[in-house]
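Worksheet: one structure, shown below.
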Amino acid sequence: MKLLITGASGFVGQYVVVQALRKGHQVKAVVRPSSDLKKLPWSNHPAVELVRLDLRRQAGIVDALQDVDAVIHLAAAKDGDFYTRFAGTVITTENLLNAMVEANMMRLVNISTFCVYDYLRIPSRTTIKEDSITECDPLEREEYTQTKLLQEELIQEFQENHQHSQVTTIRPGLIYGRDNIWSTLLGGKLGGNLWLRIGGYATMPLTYIENCADAIVCAAECPQAIGKIINIVDDKLPTQRAYVKKLKRYALPIPKTIPINWTLMRSIAWIFWKFNKVFLKGQARLPGIFNPVILDARFKHFRFSNHRAKHLLNWTPKYSLDEALQRISRNGDLLQVSSTSLADTDETTEESLCGLPT
């Protein structure tokens, strides 16, 4: 297959390109005009065609879609204010969908997120599945969730308006890898290297970057995935406490933390939220850890399933948590791309190979 991959220079995108190459596909890698190609180890690979595009503008997208079998859409803005994220996520998706119609190329794997679920209204201990309800009150959530929900609305409209569309929506859990091992699912940043550790027994919906990239490419290959929403998480998910213990076991860097009980933190958040709504008319911009809607999305106790991914994609996470952390700790997850062979290796000194950092 020839795959067009947007957001190819990002954290996930780099691994998806490598996984696609390993599986013998040709890749059109869409990168921003300002991207530094020296950081992309596959930039000179013979099976890769680099396409410099600003997806916030329509120019050039139709041309990029020529001779493509499927699109993997990873491009999104995770930083900046709402308008920056809206442009980088929603407008880019709208432009891509319009170009797909014009180019008559209707196979799309859209990468969404677990953030879209309505964790406040889903009862604790429930298993989060693909048919779990999505956020009913987006304005109470952070900008990233708001824009990803809008993106999913665009995708749904695209499917409804074009009967020949062939869309798969992938919703990964928390993707971790090199330089991405600590997250807001463990607490809230107080400043500098100090975090407030909230709770300890909630299950973390983790997916290791290499496992996730494999699932995404599988989705592009799999006809059974068309028209489906598929959650991606690994097997044997750890609690917050178990995860942190493993980070320490493998001598991976973690910030300084101040622990607080989850129930206590949730009570404090509700007090702040009610005071803001009743007395301040909702005008105060509360930090995420003092917003019960965001707090539930991060720390409430749920279960998670990857049954559909395994069944439809014939996918199984290759690396366990221990194996993944071991690879990270000894630089073993530096993916290697050779111009003559596409293989995974733990050796990083061969001149013919380029290491791909996460």
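Values quoted throughout were computed directly from the atomic coordinates according to the rules given, and no laboratory measurement underlies them. Bear in mind that the values here come from a model prediction, so they are computed numbers and not experimental data. As a convention, Cβ positions derive from the backbone with ideal geometry for all residues, glycine included, and neighbour counts pool all protein chains shown.
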> Hey, quick one: spin label on Asp179, modelled 7 Å out along Cα-Cβ, who in segment 80-105 has an amide N within reach, i.e. under 19 Å?
Replying inline: 80
> Which value does Rg/Rh take for segment 116-159 over its C-alpha atoms, Rh per Kirkwood?
Replying inline: 1.00
> For the residue pair Met1 and Lys78, what label-to-label distance in nm results when each label sits 7 Å from Cα along the Cα-to-beta-carbon direction?
Replying inline: 2.3 nm
> In whole angstrom, and with the biggest value first, how far do the Cα coordinates of segment 15-113 range along each principal axis?
Replying inline: 37, 32, 26
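Taking every pair of distinct Cα atoms and averaging 1/r, then inverting, what Kirkwood hydrodynamic radius in Å comes out for segment 216-276? List each step's numbers first, then the result.
Values: mean 1/r = 0.0616 Å⁻¹.
Evaluated on segment 216-276, it is 16.2 Å.
Using the Kirkwood radius over C-alpha pairs as Rh, can you work out the diffusion coefficient of segment 250-314 via Stokes-Einstein at 37 °C, viscosity 0.692 mPa s, in µm² per second? Before the final figure, lay out the partial values.
Numbers: Rh = 14.8 Å.
D, rounded to a whole number, is 222 µm²/s.
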>> Distance between the C-alpha centers of segment 62-103 and segment 236-262? Whole Å please.
In response: 36 Å
> How far apart, in nm, are the 7 Å Cα→Cβ label points at Glu160 and Thr263?
Replying inline: 4.3 nm
> Which of these, Gln283, Gln240, Gln19, has the largest mean-square fluctuation under a Gaussian network model of the chain (Cα springs below 10 Å)?
Replying inline: Gln283
> For the residue pair Leu196 and Lys277, what label-to-label distance in nm results when each label sits 7 Å from Cα along the Cα-to-beta-carbon direction?
Replying inline: 1.9 nm
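What FRET efficiency comes out for the pair Asn314/Asn44, r = Cβ-Cβ distance, R0 = 45 Å, nearest 0.05? Write down the numbers at each step before the final one.
Numbers: r = 32 Å, r/R0 = 0.72.
E(calc), rounded to 0.05, equals 0.90.
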> If only Cα atoms are counted, what is the Rg of segment 52-93, and what is its Dmax, in Å?
Replying inline: 11.5, 36
>> Could you sort the peptides 254-264, 34-44, 212-222, 318-328 by per-residue average Cβ neighbour count (10 Å cutoff), highest mean leading?
In response: 212-222, 318-328, 34-44, 254-264
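Which links in Lys189/Lys248; Lys39/Lys129; Lys129/Lys310; Lys23/Lys228; Lys23/Lys248 stretch past 25 Å when you go from one Cα to the other? The partial results should precede the final answer.
Values: Lys189/Lys248 19 Å; Lys39/Lys129 36 Å; Lys129/Lys310 13 Å; Lys23/Lys228 22 Å; Lys23/Lys248 34 Å.
Pairs exceeding the cut-off: Lys39/Lys129; Lys23/Lys248.
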